[in-house]
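What follows is a single structure, written as C-alpha cells, with notes after it.
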Amino acid sequence: RFQKIFEEGPPTIAKPEVFHEMERAAMRLTALVGYRGAGTVEYLYSPETHTFCFLELNPRLQVEHPVTESITGVNMPATQLQIAMGIALYNIPDIRRFYGYDPAVCSKIDFFAVDYPPITSHCCASRITAENPDEGFKPTSGKINSVRFQSSGDCWGYFSVGLRGGIHEFADSQFGHIFAKGPNREAARKSLRFALMNIDIRGDIRHPVDYLVDLIETQAYKDNTIDTMWLDGLIASRAITPSASVMDVVFYAAAFRAYGMVKSRTQDAIDSMQKGQLVLLGKSDTDALVDFPVDITFDGKKFSFQVSRTRSDLYAFTINNKTLKAKVREQPDGSLYVSIGNISQQVKGQEEALGLRLIIGAQTIMVPTVYDPSELRSDVNGKVVRYLHDEGSEVAKGESYIELEAMKMIMSLK
C-alpha cells in the first residue's frame, strides 16, 4: 500500500525535451487505445539517465487534478463533461485559451504539431490523511471534532469531513488536500509550508501534518532530489523525530494532566452543587485538589510525580526528591501556557484511547497509556483477518501473531 503525500507541477526535475516527449508519448498512447475523456498517464523517471518508463494510465480524474488546474487555468471536471457531450477538444474554450488560441473561435488544432505557451507558475500540494507518521504511516480511525484551515489567495484546500465528523476503518485514509501556488517551486513550497503550519485538526485520529512540515523543510525536498525510496528511508532511520527532549515531554505531559485533573474534579463539585446536591469535601477530597500523584510513561520508562498546588495557577512537581515549580494558565483556545521563571511554553493536548497526544509548540508527541503487559492491543481499528497462532501457543518476541485489515491495508501485529 503506497499513498502519495505530495504532488506538484510542472515537473521541474525532468529536462524540458524529455518532458515534452513524455507528453507526446501520453498522447500517442491514448490515441492508440481510442480513449476519449480526461485521464492521467503516469511515468517513472530516472534523473541519472534522463529516461522514463510507463507506469499506468488512469482513465479518470485524479484527486490531485487541482494541481493541473492551478498551473494551466483549465477546469478539468468541466472539460471532462464537455468531452462526454461530444464537444471536440479543440473547441473547448479553456483548452483553446491554454494553447494561446481565441476561445470564441471554432477552428481545428493539431495538438501533435503545436505546443502550449510556457507555464509561468508552480503548484505544490499535500494530502491530509488519517495516518500515524510515528508508526510508518499506519492508518487510524475515529472521531474528528474540528478542522480549522483558512484558504488564501495563493493557497486553497478542502476537507471531506465536517464538524463532529469521523473516519471509519473501512474508508480511505485521505480526508483533505492542500494546494499552494507560486511564481516558482520555492515560492509554492513556502506557501504550502505556511498553510500546513496553520492547520488545526482535533479528534481521535492521528494525522501527519507536523511531519509534512518537517518533510518539505528537508534539503532533499528543497533540492527536488527525492525518489520512490526517500520517505521509506526517513521512516526507517527515524531521521525526523521530535526536537523536544524526553524530560521536556515528560514534564509538559505531567503539567497538562495535573491541570486537567484539577479542572475535572473542580467541575464535578460545581455540577453537583448546581443540581442541588450537598457536597461534603473531606480531607481526601481536598487533598485531591492540592496534593496528588501524576504518572507519565514515555520512552519505555515510567515517571511518577507528586504534584502540589499552592495557589490556583502555581504547581510544584516533585520527582526523585527534586522539585520544579511552574505557573499553568489556560488560554481561551483551550491550550495551556506553562511558565518556569522567564520561560513560557504553549502546550496543547488531547487524551485518546492509546494515550495523550501532546503538542509542544509545533511538535506533536504521543505519550502512551500504560496497559497490562499480558494484554495484546492494536493501535489501529480494523477487522481481524487471520490468527497466526493457535490458542495457548507460545509467541516469541517480535513474532507476528495476528493480521488486521484497515483502510485497504493488511498489517501484521507483533
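Looking only at segment 156-215, which residues are out of contact with any Asp or Glu (no Cβ under 8 Å at 6 or more places or on another chain), among the polar types (S, T, N, Q) and within 15 Å of Ile128 (Cβ to Cβ)?
Ser160, Gln174, Asn198 - these are the residues of segment 156-215 that are out of contact with any Asp or Glu (no Cβ under 8 Å at 6 or more places or on another chain), among the polar types (S, T, N, Q) and within 15 Å of Ile128 (Cβ to Cβ).
Kindly establish whether Gly341 is over 30 Å from Leu196 (Cβ atoms), modelled with pLDDT under 90 and surrounded by fewer than 13 Cβ atoms within 10 Å (Cβ to Cβ).
Details: over 30 Å from Leu196 (Cβ atoms): yes; modelled with pLDDT under 90: yes; surrounded by fewer than 13 Cβ atoms within 10 Å (Cβ to Cβ): yes.
Considered against the rule, which asks whether it is over 30 Å from Leu196 (Cβ atoms), modelled with pLDDT under 90 and surrounded by fewer than 13 Cβ atoms within 10 Å (Cβ to Cβ), Gly341 comes out as yes.
Exactly one of these conditions fails for Gly260: (1) modelled with pLDDT under 90; (2) surrounded by 10 or more Cβ atoms within 10 Å (Cβ to Cβ). Give me its number.
Tallying (1) modelled with pLDDT under 90; (2) surrounded by 10 or more Cβ atoms within 10 Å (Cβ to Cβ), Gly260 fails exactly one: (1).
Under 7 Å between Cβ atoms, at least 6 apart or on separate chains: pull out the pairs that start in segment 199-225 with a residue that is outside the structural domain of Asn132 (by TED's automatic domain parsing) and more than 16 Å from Val161 (Cβ to Cβ) and end on any residue that is hydrophobic (A, V, I, L, M, F, W, C) and not in a strand (DSSP E or B).
Correct list of pairs: empty, since none qualify.
Residues to consider are Asn224, Asn198; find the one that is surrounded by fewer than 18 Cβ atoms within 10 Å (Cβ to Cβ) and either on the phi > 0 side of the Ramachandran plot or hydroxyl-bearing (Ser, Thr, Tyr) (or both).
Asn224
Checking the conditions here, which among Glu169, Glu131 is in contact (Cβ under 8 Å) with a residue 60 or more places away in the chain, surrounded by 20 or more Cβ atoms within 10 Å (Cβ to Cβ) and farther than 25 Å from Lys15 by Cβ?
Numbers: Glu169 fails: surrounded by 20 or more Cβ atoms within 10 Å (Cβ to Cβ).
So the residue among Glu169, Glu131 that is in contact (Cβ under 8 Å) with a residue 60 or more places away in the chain, surrounded by 20 or more Cβ atoms within 10 Å (Cβ to Cβ) and farther than 25 Å from Lys15 by Cβ is Glu131.
Scan segment 372-414 for residues that are of a type in the set (Lys, Arg) and part of a loop (DSSP other than H, G, I, E, B) and jot them down. Please lay out each step first, then the result.
In the first step, residues of segment 372-414 are kept if they are of a type in the set (Lys, Arg); the result is 377, 383, 386, 397, 408, 414.
Correct list: Arg377, Lys397, Lys408, Lys414.
For Arg148, indicate whether it is assigned by TED's automatic domain parsing to the domain that holds Lys222, more than 11 Å from the chain's Cα centre (by Cα) and under 29 Å from Arg238 (Cβ atoms). Even if it seems obvious, please write down each step before you answer.
Details: assigned by TED's automatic domain parsing to the domain that holds Lys222: yes; more than 11 Å from the chain's Cα centre (by Cα): yes; under 29 Å from Arg238 (Cβ atoms): no.
No; evaluated as a whole, the condition is false for this residue.
The values are calculated or read from the model by the stated rules, or taken from the named source; none is laboratory data. Being a predicted model, the structure only gives us computed values, none of them experimental. Virtual Cβ from ideal backbone geometry, glycine too; neighbours counted across all protein chains shown.
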